[in-house]
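Structure, as structure tokens:
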Amino acid sequence: MRTGKGRKFVIDEEKLAKTEARRKEGAGLFGGDIDRVPHPRRGLRPYIELEDVPEVVRTCEDPELLEEQQAFLAHRPLEVEVGFGGGASIFNRAKSRPDTHFVGFEIRRHLCLSLVKRIARDNVPNLRVCYEDVRQSMPPMIADQSLRRCSVFFPDPWWKRRHIKRRLLTTSFLDLMEQKLLPDGVLHIKTDVEEYSHVIEELLESDGRYIKADASFDHLFADDHPTEREAFCLQEGIPFWQFRYVLKP
Ligand SMILES: C[S@@+](CC[C@H](N)C(=O)[O-])C[C@H]1O[C@@H](n2cnc3c(N)ncnc32)[C@H](O)[C@@H]1O
């Protein structure tokens, strides 16, 4: 069916009837909310307010919630992953390091929702999700000089010239890291975009506040689990680059 100038708006009765039948079976959006699309077998998904679940940390003014959150965030060691996507890396790392607290930042709601469900299902009390832009929520939420490690795995490259301003890895992100990392805290970055890898290397090398992590930091990466993108690269033989930099004392 095509619409527009000079085109006929065609109504296909047969297709319309099929759509209507499917809708009666529960297909389609409920109240325009993507999270309420019924699953073919399990039916309508319960709507979860991400603000109300204990697996989520958020910027807010509720003193009771803030106190509880701050207790979680005051734990040391503390690590964060920015843009966790499917969450495979942070979820498995949190499971294998119960002594460490983790916060994953992600701006896509369905990805947060899916990680929240996995945390609740597998009972991983040392991992929480933040459904906010890290650049806005990290400054008020994470205490200065508190992070042992910040991971940014396969950040969006934003290829187009007019989108460059959206790239995460910039001097202002390094400023934020300088504030939040411990004096020997580690910034760990991976990308499969060669051009972006050059930009990142140049940024870190010219900045002067960070040095390459030597072998004494290897224990930190010992039980790392690949992200979804990394697993795809490994499977398809796509090269990727990684940067492990330490904030200079
Ligand atoms: C290319 S995906 C990589 C996902 C995952 N790290 C992986 O390796 O499979 C980048 C992710 O970063 C998230 N993201 C982008 N900018 C962000 C920001 N400012 N704060 C939090 N998450 C962000 C995106 O929503 C997206 O899920």
- Query: ASP184: more than 17 Å from GLU81 (Cβ to Cβ), at pLDDT 95 or above and not in a loop (DSSP other than H, G, I, E, B), yes or no?
  - Reply: no
- Query: Do any residues in the range 112-134 that are outside the structural domain of LEU168 (by TED's automatic domain parsing) have Cβ atoms under 8 Å from those of residues that are assigned to a helix (DSSP H, G or I) and surrounded by fewer than 19 Cβ atoms within 10 Å (Cβ to Cβ), where the two are at least six apart or on different chains, and which pairs are they?
  - Reply: none
- Message: What's the total number of residues in the range 200-223 that are within 16 Å of the ligand (Cβ to nearest atom) and crowded, with 17+ Cβ neighbours inside 10 Å?
- Response: 1
- Query: What tally of residues in the range 205-249 results from selecting those that are under 29 Å from PRO98 (Cβ atoms), in contact (Cβ under 8 Å) with a residue 12 or more places away in the chain and assigned to a helix (DSSP H, G or I)?
  - Reply: 8
- Which of the residues belonging to the range 222-241 are under 13 Å from ARG149 (Cβ atoms) and modelled with pLDDT of 95 or more? ASP224
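Can you work out which of the residues in the range 145-165 that are over 21 Å from ALA213 (Cβ atoms) and outside any helix (DSSP H, G or I) is nearest to the ligand (Cβ to nearest atom)? Walk me through how you get there before you give the answer.
Our first condition is that a residue be over 21 Å from ALA213 (Cβ atoms); within the range 145-165, this holds for 156-165.
Okay, now just the ones that are also outside any helix (DSSP H, G or I), so 156-160.
Working: ASP156: 5, PRO157: 8, TRP158: 9, TRP159: 12, LYS160: 15 Å.
Among those residues, the one meeting the criterion is ASP156.
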- Task: Could you tell me whether the range 109-122 includes any residue that is part of a loop (DSSP other than H, G, I, E, B) and surrounded by fewer than 22 Cβ atoms within 10 Å (Cβ to Cβ)?
- Result: no
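Among LEU174, LEU168, LEU181, which is within 11 Å of the ligand (Cβ to nearest atom), closer than 27 Å to HIS75 by Cβ and hydrophobic (A, V, I, L, M, F, W, C)?
Answer to the selection: LEU168.
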- Note on the structure: In the range 69-93, residues that are in a helix (DSSP H, G or I), surrounded by fewer than 16 Cβ atoms within 10 Å (Cβ to Cβ) and among the small types (Gly, Ala, Ser) total 1
- Could you please let me know if LEU187 is more than 15 Å from the ligand (Cβ to nearest atom) and either assigned by TED's automatic domain parsing to the domain that holds ILE142 or over 21 Å from ARG97 (Cα atoms) (or both)? no
- Could you give every pair whose Cβ atoms fall below 7 Å, whose first residue belongs to the range 77-102 and is within 14 Å of SER146 (Cα to Cα), and whose second residue is basic (Lys, Arg) and within 16 Å of the ligand (Cβ to nearest atom), counting only separations of at least 6 or pairs across chains? GLU79/ARG149; PHE102/ARG93
- Query: Looking at (1) surrounded by fewer than 20 Cβ atoms within 10 Å (Cβ to Cβ); (2) free of Cβ contacts under 8 Å to residues at least 40 places away in the same chain; (3) outside any loop (DSSP other than H, G, I, E, B), which is the one condition that is false for GLU178?
  - Reply: (2)
- Do the conditions hold for VAL124, that is, is it under 21 Å from GLU51 (Cβ atoms) and either within 12 Å of the ligand (Cβ to nearest atom) or touching a Leu at 6+ places or on another chain (Cβ under 7 Å) (or both)? no
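The values are calculated or read from the model by the stated rules, or taken from the named source; none is laboratory data. Keep in mind that this is a model prediction, so the values were computed, not measured. A quick note on method: Cβ atoms are made from the backbone with ideal geometry, for glycine too, and the neighbour counts reach across all protein chains shown.
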